């Protein structure tokens with residue numbers, strides 16, 4: 001089971017991966033640490049979401065410009081273009097449809 005809770009909003013996938021049909025919801029997971037991209041992508045794809053990865057802000061920006069996702073899971077501390085700069089560029093680009101972003105900081109970073 002995969003569950004996301006956002007301010008009194010809950011989205012839950014309860015079907016097994018074999019029963020689930022892919023959704024049209026695209027999710028972009030952005031983190032410079034491979035394991036921090038692989039784990040959420042694994043859970044998301046098991047819950048029948050379409051999930052893509054980007055290793056840094058530059059890759060994420062290019063990915064969003066090609067195909068804007070519905071949700072971005074974004075690490076804020078990355079080398080090069082960090083999450084703050086990526087968020088600013090996404091907000092400033094009128095050609096990009098707004099996506100819901102969850103900015104992530106792990107303890108110890």
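Rule-based calculations on the coordinates, nothing more; no lab input. Predicted, not measured: the structure shown is a model, and the values here were computed from it. Note: ideal-geometry Cβ built from the backbone for every residue, glycine included; neighbour counts use all protein chains shown.
Above 18 angstrom, tally the Cα pairs of segment 27-104 and express them as a % of all pairs, no decimals.
It works out to 31 percent of all Cα pairs.
Which order do 97, 87 fall in if you start with the one that has the fewest other Cβ atoms within 10 Å?
97, 87
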